[in-house]
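The values are calculated or read from the model by the stated rules, or taken from the named source; none is laboratory data. On a predicted model such as this, the values are computed, not experimentally measured, just so you know. Note that each Cβ is placed from the backbone with ideal geometry, even for glycine, and that neighbours are counted across all protein chains shown. SASA here: full protein model, heavy atoms, side chains in, ligands and nucleic acids out. Shrake-Rupley method; radii C 1.70, N 1.55, O 1.52, S 1.80 Å.
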Amino acid sequence: MTTLTLIRKPDCHLCEVASDVIDAVVAELPDAAAEQIEIVEASIQDDPALYELWWEKIPVVLIDGDLHAHWRVSPDRLREALEAAVRGEAQIETKESL
């Protein structure tokens, strides 16, 4: 399972745009891939640790806990990253870079 986390705050226009991009990209993926993606939303307002880390970069998108994007989310880049994560390539890249 691949976890995509959107870190946001209330009344954030860019957060709404990022959420729409995420929904559209996941909807366009083949069903087999989309079913392997869990979308989680977290608010910096509810979590002091998230606030400390990300307050100036909201919205933030993490894929399996790794930073993917902040402020603006590119649909093409997100699609490629999710497809790679579902195939397990993200883990391979991380191991190779160590």
Pick out, in residue order, every one of the trypsin sites (Lys or Arg not before Pro) in region 1-75 that is DSSP loop and has at most 15 other C-beta atoms within 10 Å; say none if there are none.
-> Lys57, Arg72
Are there GluC sites (Glu not before Pro) in region 27-77 that DSSP puts in a loop and that have at most 10 other Cβ atoms within 10 Å, and which ones?
-> Glu56
At 222 nm, what helix-only mean residue ellipticity would the chain give, in deg cm²/dmol to the nearest 500, using -39500 (n - 2.57) for each DSSP H run of four or more?
-> -14500 deg cm²/dmol
Taking Rg and Dmax of the Cα atoms in Å as the quantity of interest, determine which of (1) 15.0, 59; (2) 13.4, 40; (3) 16.6, 53 was computed from the displayed structure.
-> (2)
Nearest-20 debye value, the chain charge dipole, Cβ charges on Lys, Arg, Asp, Glu | 240
Near-label residues of region 36-76 by backbone N, under 16 Å of a point 7 Å along Cα→Cβ of Glu16 = 59
Hey, any idea what % of the chain's accessible area is carbon plus sulfur with a 1.4 Å probe?
-> 51
State the antiparallel share, in %, of DSSP beta bridges confined to the chain, rounding to the nearest 5.
-> 55
Checking region 1-73 for chymotrypsin sites (Phe, Trp or Tyr not before Pro) in a loop per DSSP with at most 16 other beta-carbon atoms within 10 Å yields Trp55, Trp71
Estimated vicinal HN-Hα couplings, Hz - region 27-32 in sequence order (Karplus 6.51, -1.76, 1.60; Gly, Pro = x) = 5, 7, 5, x, 3, 4
